[in-house]
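Trainee: What follows is a structure written as structure tokens; I'll ask about it next.
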Amino acid sequence: MPNDLHPETRAIHVDVPDLGGARPLNTPLYQTANFGYDNPEELAEAINRPESFAYLRNSNPTVRALEDAISSLEGAAASLAAASGMGSIHTVLHTLLGSGDHVIVQKHLYGGTFALLKDLAARYGVEVTYVGGQDPAEVADALRPSTKVLYLETLSNPTAQVTDLPAFFAAGKAAGLTCVVDNTFASPLGCRPLSMGADVVIHSSTKYLSGHCDVLGGIASFTDADLHRQVWSRSLETGTIADPFAAWLTLRGLATLGLRMRRHHENADGLARFLSQHPGVDKVHWPGLPDHPAHALAQRLMPNGYGGVLAIDVAGGREETLEFTRRLRLVDRAVSLGGFKTLVQQPSATSHRSMDAEGLRAIGITEGTVRIAVGLEHLEDLKADFAQALG
Ligand SMILES: Cc1ncc(COP(=O)(O)O)c(C=O)c1O
């Protein structure tokens, strides 16, 4: 698709195979584990190339269509789809980091990535320095001769901290680091980190990209085709490629990404404003509120919206918080985000359970913190459910 089209349009008009003049309007589902060749030499060549189709662990045309669509949205040279967001993060970090290497990471981090880094440290002696994400000088201060990677998130989970991506990437590039960012919470329509200096962008496509709470997936996009190939080789070893049906569902979801992201943002913004006035809520974490520390930065980096995740600190303690979530009727208690239904979860007991109390405090999570993944319902129905549950 031509790059001068708007991203919302490119998410709909993805490239489809031409069947001798007739083009299917949707990407076909190639649910096949292997591909046959008349010429054995061609097969021998295909099995070694990420561009060719030989065996499903290597690649697949439906998976490729998804990869190409995300490359177009992120402005990448190539992308690699995986069976889950953690599959993408795992293969990227295992490719970039070896024994004794050092990585600089923002401390407001998805719990699964935190657990992976802890494991890399314990098993292979990978050294990790956590930085606040407020001041790019932190990168220079943390540098060591062994530093290889700078790892950030566009919007952090669950308190929606925003890191000044262009400034941090500039500091990382100046030191020769590979800059990686998890862009799951913003989506490629909210933020395009490769245009700000990142080398690798990762999404859990389980979330906004697929958008219907029915698929698990991940995708990593690269500016450098060589790095893509290295991570592809790693993915061959780990067997983390996306299943074609999951890729197909993700492509189907992608077509409505523009509409959905607008509604997620509007609902989250409306709910955040409502909850910020409610006496049962101590604090609302949403970058759209003028008193959020990253309000101006969020407007600069994500002019089209900040997705649909916000967090609240419920007044009272653990019991009041449990009681509040129990009383919700329309909104369900469930992990994950980015689907059409609004969900709540307590990060300290779910997504961030691998962190100890001190680590949680350092990133502003208490036992009263509830993450709200705002869906696509009518805003007034959401407000009514939260109002009755808060009492
Ligand atoms: C920001 C972020 N990155 C990565 C992941 C992992 O994705 P997946 O669950 O698809 O493995 C999640 C999952 O919640 C997430 O929130």
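The values are calculated or read from the model by the stated rules, or taken from the named source; none is laboratory data. The structure presented is a predicted model; accordingly, all values stated were derived computationally and were not measured. Note: ideal-geometry Cβ built from the backbone for every residue, glycine included; neighbour counts use all protein chains shown.
Trainee: May I ask you to list the residues in segment 337-391 that are aromatic (Phe, Trp, Tyr) and either assigned to a loop (DSSP other than H, G, I, E, B) or surrounded by fewer than 22 Cβ atoms within 10 Å (Cβ to Cβ) (or both)?
Mentor: PHE340
Trainee: Does ARG260 satisfy the condition of being among the charged types (D, E, K, R), in contact with a helix residue (DSSP H, G or I) (Cβ under 9 Å, 6 or more places away or on another chain), buried (at least 21 other Cβ atoms within 10 Å of the Cβ) and not in a loop (DSSP other than H, G, I, E, B)?
Mentor: Spelling it out, ARG260 is indeed among the charged types (D, E, K, R), in contact with a helix residue (DSSP H, G or I) (Cβ under 9 Å, 6 or more places away or on another chain), buried (at least 21 other Cβ atoms within 10 Å of the Cβ) and not in a loop (DSSP other than H, G, I, E, B).
Trainee: Still on this structure, please answer the following. If you check GLN388 against the conditions, is it among the polar types (S, T, N, Q) and free of Cβ contacts under 8 Å to residues at least 40 places away in the same chain?
Mentor: For GLN388, the condition - among the polar types (S, T, N, Q) and free of Cβ contacts under 8 Å to residues at least 40 places away in the same chain - is not met.
Trainee: Scan segment 106-147 residue by residue and report those that are within 16 Å of the ligand (Cβ to nearest atom) and assigned to a loop (DSSP other than H, G, I, E, B).
Mentor: LYS107, HIS108, LEU109, TYR110, GLY133
Trainee: Kindly indicate whether GLU319 is modelled with pLDDT under 90, away from the ligand (no atom under 16 Å from the Cβ) and assigned to a helix (DSSP H, G or I).
Mentor: Yes; evaluated as a whole, the condition is true for this residue.
Trainee: Let me ask something else. Looking at segment 216-251, which of the residues that are assigned to a loop (DSSP other than H, G, I, E, B) and surrounded by fewer than 24 Cβ atoms within 10 Å (Cβ to Cβ) is farthest from the ligand (Cβ to nearest atom)?
Mentor: ASP224
Trainee: Take the conditions closer than 27 Å to LYS148 by Cα and of a type outside the set (Val, Ile, Thr) and apply them to SER52. Does it pass?
Mentor: No: the conditions fail for SER52.
Trainee: Please list, ordered by first then second residue, the pairs with beta carbon atoms under 7 Å, 6 or more apart or interchain, first in segment 76-104 and touching a residue at least 24 places away in the same chain (Cβ under 8 Å) and on the phi > 0 side of the Ramachandran plot, second away from the ligand (no atom under 12 Å from the Cβ) and of a type outside the set (Ser, Thr, Tyr).
Mentor: Hits for this filter: GLY100/GLY125.
Trainee: For segment 168-215, how many residues meet the condition of being closer than 30 Å to ARG144 by Cα, within 16 Å of the ligand (Cβ to nearest atom) and assigned to a helix (DSSP H, G or I)?
Mentor: 1
Trainee: Given the residues THR178, THR206, which is the only one that is under 20 Å from VAL128 (Cα atoms), at pLDDT 95 or above and among the hydroxyl-bearing types (Ser, Thr, Tyr)?
Mentor: THR178 is the lone residue from the list that is under 20 Å from VAL128 (Cα atoms), at pLDDT 95 or above and among the hydroxyl-bearing types (Ser, Thr, Tyr).
Trainee: Only one of (1) touching a residue at least 40 places away in the same chain (Cβ under 8 Å); (2) under 23 Å from PHE114 (Cα atoms) is not met by ASP243, so which one is it?
Mentor: Of everything listed in (1) touching a residue at least 40 places away in the same chain (Cβ under 8 Å); (2) under 23 Å from PHE114 (Cα atoms), ASP243 misses just condition (2).
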